[in-house]
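Shown next, in structure tokens, is the structure this report addresses.
Taken together, the values in this text are just the output of simple stated rules run on the coordinates, not laboratory data. Everything numeric here is computed off the predicted structure, so don't read it as measured data.
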Amino acid sequence: MTSKQRAFLRSLASSIEPVFQIGKENLSDNLLRGLDEALEKRELIKVSVLKSCESSAAEVLTELCAELNACPVCAIGNKAVMYRRSSSDKVRHIEF
């Protein structure tokens, strides 16, 4: 992903709300399954990392992207944004 594409996705993410919160339980199987489904439907998602989480937003983003085969967009403060192109034709794809 180029820096121009990442900047475009970051601008799109500024207007969306976080779809999940990650707390002290960190990354459970249910959370990963839910994030995988959300990525398939939306392509671009934002998660909120709570203060009770042992890891920072950047660390959580790295772990999530590795687990879900997604691209990290940004981690600012306690928010992390990731992108993965949907394999479904029913979803409106984000065009760069």
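Per-residue extension of 0.36 nm, minus the Cα-Cα distance of ASN30 and GLN5, leaves a gain of 6.0 nm for this segment.
Across the range 3-83, C-alpha contacts under 8 Å between residues 6 or more apart give a mean separation that, scaled by the residue count, equals a relative contact order of 32 percent.
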